[in-house]
Amino acid sequence: MAKQKYYVVWVGNQPGVYTSWSDCQLQVNQYNGAKFKAFESKAEAEKAYAQGWKSFWGQQSQGGSGAGSKPKKNRTTAPEEPGEIDYDSISVDVGTHGNPGPVEYKGVDTQTGDVIFSCGPIQKGTNNLGEFLAIVHALAYLKKIGSTKTVYSDSVNAMKWVRQKKAVSTLPRDASTKEIWDLVDRAEHWLRNNSYPNKVLKWQTKSWGEIKADYGRK
């Protein structure tokens with residue numbers, strides 16, 4: 001049985017630590033200037049991600065494989081280093097009262113904090129489903145106005161669901177959850193039938209503080 005590897009993406013569609021090569025590939029394939037590398041343990045990967053690509057890119061680090069040192073073609077431009085906030089963006093977040101419980105979400109201008117859209121409260125849902133809806137709402141809004149702005153979310157699960165075009169939740173479908181599941185079904189349909197150029201990136205709470213759309217209910 002193959003040993004579990006952990007893949008660090010410092011520069012790519014969605015920087016972070018991934019547990020499968022296929023997920024890593026989604027972040028770096030055809031991304032100009034992508035920087036990534038595989039490590040043997042989660043601890044090594046998280047440490048490497050925090051230290052940044054300059055200490056590892058193109059090198060054979062102890063315990064790590066050389067995934068990130070494969071030659072890439074046409075690396076003619078230097079992308080922004082991880083850790084910089086793209087303020088030309090929308091940040092989304094969800095507010096809940098209990099999980100599951102009533103759900104609301106909003107999208108704000110990352111630079112100013114001005115609310116661009118909001119939804120809810122929805123009768124009953126979960127934090128992750130709300131985050132999923134918020135991201136898709138932002139993507140649909142940006143497509144409608146012809147904008148390529150970035151979307152920030154602090155929910156890894158919701159971002160994964162967006163990539164999959166499918167929300168994988170254990171929330172039962174019943175009368176109390178019909179409202180949110182109807183919205184989720186619509187969001188999945190939109191993802192299946194639309195493409196978008198926007199990056200959906202993880203908000204780095206540890207480095208940047210709470211996401212700009214935060215409801216302050218923690």
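Looking for something farther than 17 Å from residue 200 by Cβ and of a type in the set (D, E, K, R) - is there at least one such residue anywhere in segment 161-170? Among the residues of segment 161-170, not one is farther than 17 Å from residue 200 by Cβ and of a type in the set (D, E, K, R), which makes the answer no.
Quick one: is residue 170 under 24 Å from residue 23 (Cβ atoms) and either open to solvent by 40 Å² or more (accessible area, probe 1.4 Å) or free of Cβ contacts under 8 Å to residues at least 24 places away in the same chain (or both)? Show your work before the answer.
Working: under 24 Å from residue 23 (Cβ atoms): yes; either open to solvent by 40 Å² or more (accessible area, probe 1.4 Å) or free of Cβ contacts under 8 Å to residues at least 24 places away in the same chain (or both): yes.
For residue 170, the condition - under 24 Å from residue 23 (Cβ atoms) and either open to solvent by 40 Å² or more (accessible area, probe 1.4 Å) or free of Cβ contacts under 8 Å to residues at least 24 places away in the same chain (or both) - is met.
The requirement of being at pLDDT 50 or above, open to solvent by less than 30 Å² (accessible area, probe 1.4 Å) and under 17 Å from residue 5 (Cα atoms) is fulfilled nowhere in segment 65-79; no residue meets it.
For segment 82-94, does any single residue satisfy the condition of being assigned to a loop (DSSP other than H, G, I, E, B), open to solvent by 20 Å² or more (accessible area, probe 1.4 Å) and at pLDDT below 75? Among the residues of segment 82-94, at least one is assigned to a loop (DSSP other than H, G, I, E, B), open to solvent by 20 Å² or more (accessible area, probe 1.4 Å) and at pLDDT below 75, which makes the answer yes.
Right, residue 179: among the acidic types (Asp, Glu) and open to solvent by 70 Å² or more (accessible area, probe 1.4 Å) or not? Criteria met by residue 179.
Does residue 35 qualify as being buried (at least 19 other Cβ atoms within 10 Å of the Cβ), of a type in the set (D, E, K, R) and modelled with pLDDT under 85? Step through it out loud before you land on a result.
Working: buried (at least 19 other Cβ atoms within 10 Å of the Cβ): yes; of a type in the set (D, E, K, R): yes; modelled with pLDDT under 85: yes.
Against the criterion (buried (at least 19 other Cβ atoms within 10 Å of the Cβ), of a type in the set (D, E, K, R) and modelled with pLDDT under 85), residue 35 qualifies.
The values are calculated or read from the model by the stated rules, or taken from the named source; none is laboratory data. Everything numeric here is computed off the predicted structure, so don't read it as measured data. Methodologically, a virtual Cβ is constructed for each residue, glycine included, from the backbone with ideal geometry; neighbour enumeration extends over all protein chains shown. Only protein heavy atoms, including side chains, enter the accessible area calculation; ligands, DNA and RNA are left aside. Shrake-Rupley method; radii C 1.70, N 1.55, O 1.52, S 1.80 Å.
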